Amino acid sequence: MITYKAAYIYDDEWVCARVIDFPAAISQGRGLDDARKMLRSALVDVAETLILMGQPLPQPDPTLHDEEADLEEPIHLLLSGATHVQILPADAA
């Protein structure tokens, strides 16, 4: 399991979401729960793509912060098999 850091910015009905230490993983949702779900999916998609392309995954950097974020929390990436990855909920660690 690899633990990255997710950042969420509230914007009216929408929540913008990104994985701070995995720059290609970004998304948004209507509310925090939706943004979390969409971000988990984006992280899986990007991780699978990098693996299939033979490229390394970014190394987590717990020192990174998003000054504009309203909320930061861990997001866990669980690798299984050659190319199948999944995300665990933030409270699973």
Could you tally the net charge around Ile20, taking each other residue with its Cβ under 10 Å from the Cβ of Ile20, Lys/Arg +1 and Asp/Glu -1? -2
If amide hydrogens are placed 1.01 Å from N in the peptide plane, which non-local residues have theirs closer than 5 Å to the one on Gln28? Ala17
Ordered by fewest other Cβ atoms within 10 Å, a rough proxy for footprinting exposure, His65, His76 read His65, His76
Compute the angle between helix 32-52 and the longest alpha-carbon principal axis of the chain, please, reported from 0 to 90 degrees and rounded to the nearest 10. 20
With 10 angstrom as the radius, rank Ser41, Ser80 by how many other C-beta atoms surround their C-beta, starting from the fewest. Ser80, Ser41
By counting other Cβ atoms within 10 Å of each Cβ, how are Arg36, Arg30 ranked from fewest to most? Arg30, Arg36
Please check: in the Gaussian network model of the chain (C-alpha springs, under 10 Å), which one of Ala47, Ala69, Ala25 has the largest mean-square fluctuation. Ala69
Rounded, prolate or oblate, given the Cα gyration tensor of segment 2-92, with a/c below 1.5 counting as rounded? prolate
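We did not get these values from a lab; they are worked out from the coordinates using the rules stated. Keep in mind that what you see is a predicted model, and the values were worked out from it rather than measured. In this analysis, Cβ positions are derived from the backbone assuming ideal geometry, glycine residues included, and neighbour counts consider all displayed protein chains.
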